[in-house]
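Worksheet for the structure shown next.
The values are calculated or read from the model by the stated rules, or taken from the named source; none is laboratory data. Fair warning: this is a prediction, and the values are worked out from it, not measured in the lab. Positions of Cβ are backbone-derived with ideal geometry, glycine not excepted, and every protein chain shown enters the neighbour counts.
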Amino acid sequence: MNFLKNLFGLGKKEDVELSKAEAWLDNYFEEDLKNLKGTIAEYYQRIEDRKKELEEKLEKLKTAKVEGKTILREVQFMEGNREAYEKKLKIFLQDIQLPEKNRYGEIIEHYSLFEDDLNEFGKNTIKSYSILREFFDKIATDIARDIKDIEKSLEYMVMAIEKSRIMELEKIKNKIHAINRALETREEMIQNIKEKRRNIKEQEDRKLKTEKELETLKKSSAYKKYLSELREKETVLEEISKEKNNILQLFAGLDKALKKYKRGALNEKIIDLYLENPNNAVLEDEQFEIVDVLDKLKKLVEEDKLELEDKKKEKTLQTIDAIHIDLLIEKRKRILELHANLKEKEHILSKNPAILNYKDLEYKLEHIQSMLREDELSISKLEQNRDKIVESELKKELEKDINDIARIKINII
């Protein structure tokens, strides 16, 4: 009656804890499992008995004497086939290694492999078997019968396993294990999220404290002095940039004339230096060799030996006239002074305790912000993965699978 109520959905659903679902299945199918185990044990014993009998019959075959009148050549031919058959049968029997009795899937797989081995054995021994039957018909036939009995025992075992739906039961048990692992993983993710949220709270407190320290530092006299020195440094940099631009403008327009003049000139190296970078050239040209170069260049331009256009010729001469040694000395001195001043400012800035503390706090703040970003990103990923594991859906799916195999409705709680 209970079976009918369950079958037609009239019975009350039974509550089963997920942690006890596997034990519940074992208990529910206890009788079926017991019968199946008994059946498998019987067939296992039968197979072992047949293997033992085959080994004994193999020994009989090996020592069997040929009776009656025979032709020597035929006996010799038989002996060769008997020896070959004995070797192949021995190997075939050695390969029959049954799995453990509760490894139902492996038993089914073993049966499939056995069929392949048996077919191969039959193909390789059909000739030898036929010849042996001519001489030892009873022994050969008994051997074939025992092999067939092993095959049937394996076949019946597989049929018993499939009829019992034990494989479906094993799949459900595997699913229970998978659900438990998934829920454990989900719980680990939940705890990990909580831990990371605590870390975020701690990091945010550290961030706030560091920001306050930075604000306090910015109000200190040492930091204000640092800002003043920094502005002075920037002023020096602006002056250096201005002086460099003036030097560039000073030599602008001489490129074409200098390039024509340098061909074969003794001062080609110094000319290349000014063509490449006039600012560096002014600093490196300590003897102001460029003045002599410009004097010779002016003479060639005036004599029209460089074949410059009139406007270009006029502009070149004006530029050469604007460059004299006193101006270059003054420019070089000014650039060197500015660089020395810049170096001094940088040294003073590097020794300012405020900036050292400021950089430490700034690095600390960047590190905290980086850790916050990492934790927030990690939480986002964890939450996404956590939300993919829906406990109620996993349990519903498991309930359906159990209902399909057990024909009983249960609630997984």
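Checking L300 against (1) in contact with a Ser or Thr (Cβ under 9 Å, 6 or more places away or on another chain); (2) part of a helix (DSSP H, G or I); (3) in the same structural domain as I325 (by TED's automatic domain parsing); (4) not hydroxyl-bearing (S, T, Y), only one condition comes out false. Which one?
Condition not satisfied by L300: (1).
One line per residue, one yes/no per condition, for (1) without any contact (Cβ under 8 Å) to a residue 24 or more places away in the chain; (2) more than 30 Å from E115 (Cβ to Cβ):
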position	(1), (2)
N174	yes, no
A182	no, yes
E187	yes, yes
S228	yes, yes
K242	yes, yes
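Which condition breaks for N102 when tested against (1) part of a loop (DSSP other than H, G, I, E, B); (2) touching a helix residue (DSSP H, G or I) at 6+ places or on another chain (Cβ under 6 Å)?
Of (1) part of a loop (DSSP other than H, G, I, E, B); (2) touching a helix residue (DSSP H, G or I) at 6+ places or on another chain (Cβ under 6 Å), only one is false for N102: (2).
Being among the aliphatic types (A, V, I, L, M), over 30 Å from E56 (Cβ atoms) and surrounded by fewer than 16 Cβ atoms within 10 Å (Cβ to Cβ) is the filter here, so list the residues in region 143-181 that pass it.
M167, A178
Among the numbered criteria (1) touching a residue at least 40 places away in the same chain (Cβ under 8 Å); (2) surrounded by 13 or more Cβ atoms within 10 Å (Cβ to Cβ), which one does H367 miss?
Condition (1) is where H367 drops out.
Just give me the residues in region 352-374 being touching a Ser or Thr at 6+ places or on another chain (Cβ under 9 Å), aliphatic (A, V, I, L, M) and within 17 Å of N199 (Cβ to Cβ), in sequence order.
Of everything in region 352-374, those that are touching a Ser or Thr at 6+ places or on another chain (Cβ under 9 Å), aliphatic (A, V, I, L, M) and within 17 Å of N199 (Cβ to Cβ) turn out to be L365, I368.
Please work out if L283 is in contact with a Lys or Arg (Cβ under 8 Å, 6 or more places away or on another chain), at negative phi and either part of a helix (DSSP H, G or I) or not assigned by TED's automatic domain parsing to the domain that holds R332 (or both).
Numbers: in contact with a Lys or Arg (Cβ under 8 Å, 6 or more places away or on another chain): yes; at negative phi: yes; either part of a helix (DSSP H, G or I) or not assigned by TED's automatic domain parsing to the domain that holds R332 (or both): yes.
So L283 fits the description; yes.
Taking region 58-93, which residues are polar (S, T, N, Q) and either closer than 18 Å to K123 by Cα or touching a helix residue (DSSP H, G or I) at 6+ places or on another chain (Cβ under 7 Å) (or both)? Show your work before the answer.
Applying the first criterion (polar (S, T, N, Q)) to region 58-93 yields 63, 70, 76, 81.
Listed by number, the list holds a single entry, N81.
Checking the condition closer than 23 Å to Q249 by Cα, of a type in the set (V, I, T) and loosely packed, with under 13 Cβ neighbours inside 10 Å, which residue from I325, I320 passes?
Details: I320 fails: loosely packed, with under 13 Cβ neighbours inside 10 Å.
Result: I325 is the single residue among I325, I320 that is closer than 23 Å to Q249 by Cα, of a type in the set (V, I, T) and loosely packed, with under 13 Cβ neighbours inside 10 Å.
Only one of these is touching a strand residue (DSSP E or B) at 6+ places or on another chain (Cβ under 9 Å), in contact (Cβ under 8 Å) with a residue 60 or more places away in the chain and outside the structural domain of I290 (by TED's automatic domain parsing): I389, I412. Name it. Full working, then the answer.
Numbers: I389 fails: touching a strand residue (DSSP E or B) at 6+ places or on another chain (Cβ under 9 Å).
Unique residue meeting the criteria: I412.
Go through region 268-285 and give me each residue that's surrounded by fewer than 17 Cβ atoms within 10 Å (Cβ to Cβ) and in contact (Cβ under 8 Å) with a residue 12 or more places away in the chain.
Of the residues in region 268-285, the ones surrounded by fewer than 17 Cβ atoms within 10 Å (Cβ to Cβ) are 268-269, 272, 275-277, 280, 283-284.
Answer for region 268-285, where residues must be surrounded by fewer than 17 Cβ atoms within 10 Å (Cβ to Cβ) and in contact (Cβ under 8 Å) with a residue 12 or more places away in the chain: L275, L283.
To keep it simple, each residue is scored yes or no on (1) of a type in the set (D, E, K, R); (2) over 30 Å from E229 (Cα atoms); (3) out of contact with any strand residue (DSSP E or B) (no Cβ under 6 Å at 6 or more places or on another chain).
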site: E302; (1), (2), (3): yes, yes, yes
site: E307; (1), (2), (3): yes, yes, yes
site: I323; (1), (2), (3): no, yes, yes
site: N341; (1), (2), (3): no, no, yes
site: H347; (1), (2), (3): no, no, yes
site: I355; (1), (2), (3): no, no, yes
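For region 131-162, give me the residue count where each residue is in contact with a helix residue (DSSP H, G or I) (Cβ under 9 Å, 6 or more places away or on another chain), free of Cβ contacts under 8 Å to residues at least 60 places away in the same chain and farther than 16 Å from R46 by Cβ.
6
Go through region 113-159 and count every residue that is among the acidic types (D, E), at pLDDT 90 or above and more than 22 Å from Q94 (Cβ to Cβ).
Step one: list which residues in region 113-159 are among the acidic types (D, E), which gives 115-117, 120, 134, 137, 142, 146, 149, 151, 155.
Remaining after also requiring at pLDDT 90 or above: 115-117, 120, 137, 142, 146, 149, 151, 155.
Okay, now just the ones that are also more than 22 Å from Q94 (Cβ to Cβ), so 137.
Going through region 113-159 one residue at a time, the tally reaches 1.
Scan region 247-267 for residues that are in a helix (DSSP H, G or I) and surrounded by 13 or more Cβ atoms within 10 Å (Cβ to Cβ) and jot them down. Steps first, answer last, please.
Pass one, region 247-267, residues in a helix (DSSP H, G or I): 247-251, 255-262.
Passing the criteria: I247, L250, F251, K256, A257, L258, K259, K260, Y261, K262.
Here is a list: K224, K212, K207. Which entry is within 17 Å of Y358 (Cβ to Cβ), in contact (Cβ under 8 Å) with a residue 24 or more places away in the chain and in a helix (DSSP H, G or I)?
Working: K224 fails: in contact (Cβ under 8 Å) with a residue 24 or more places away in the chain; K212 fails: in contact (Cβ under 8 Å) with a residue 24 or more places away in the chain.
It is K207.
Quick check on region 132-142: of everything there that is of a type in the set (A, V, I, L, M) and crowded, with 20+ Cβ neighbours inside 10 Å, which residue is farthest from the chain's Cα centre (by Cα)? Explain how you work it out, then say what you get.
Of all residues in region 132-142, those of a type in the set (A, V, I, L, M) come to 132, 139-140.
Right, trim to crowded, with 20+ Cβ neighbours inside 10 Å and you get 132, 140.
Numbers: L132: 62, A140: 60 Å.
Within region 132-142, the match that is farthest from the chain's Cα centre (by Cα) is L132.
Of I290, I329, which residue is without any contact (Cβ under 8 Å) to a residue 40 or more places away in the chain and β-branched (V, I, T)? Write out each step before concluding.
Numbers: I329 fails: without any contact (Cβ under 8 Å) to a residue 40 or more places away in the chain.
Result: I290 is the single residue among I290, I329 that is without any contact (Cβ under 8 Å) to a residue 40 or more places away in the chain and β-branched (V, I, T).
Mind listing whichever residues of region 45-101 are among the hydroxyl-bearing types (S, T, Y) and either surrounded by fewer than 16 Cβ atoms within 10 Å (Cβ to Cβ) or touching a Pro at 6+ places or on another chain (Cβ under 8 Å) (or both)?
The answer is T63, T70.
Kindly establish whether I270 is outside the structural domain of N102 (by TED's automatic domain parsing) and within 49 Å of the chain's Cα centre (by Cα).
Numbers: outside the structural domain of N102 (by TED's automatic domain parsing): yes; within 49 Å of the chain's Cα centre (by Cα): no.
Taking the combined requirement at face value, the residue does not satisfy it.
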